[in-house]
Amino acid sequence: MDRSLCIDQDWWAYRLGWEVSRTGFGARRYRDPRFDALRLARGEVDGGVRA
């Protein structure tokens, strides 16, 4: 049932190359891994502190 609720959004996210994490029944976290490249380009490390 959980999968049938989120199949459209999951398909869309996977097609864009995003990471999908299940966080509960019918709940997902979608993340674009390209944001890591932006953080590195700006010189940020964990916590948003500049190196």
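The values are calculated or read from the model by the stated rules, or taken from the named source; none is laboratory data. All figures in this text were calculated on a predicted structure; none of them were measured in a lab. A quick note on method: Cβ atoms are made from the backbone with ideal geometry, for glycine too, and the neighbour counts reach across all protein chains shown.
For Trp18, the criteria (1) at pLDDT 80 or above; (2) surrounded by 11 or more Cβ atoms within 10 Å (Cβ to Cβ); (3) out of contact with any Lys or Arg (no Cβ under 9 Å at 6 or more places or on another chain) hold in every case but one, which is (3).
Looking across segment 16-27, the residues that are part of a strand (DSSP E or B) and either free of Cβ contacts under 8 Å to residues at least 12 places away in the same chain or more than 14 Å from Met1 (Cα to Cα) (or both) come down to Glu19, Val20, Ser21, Thr23, Gly24, Ala27.
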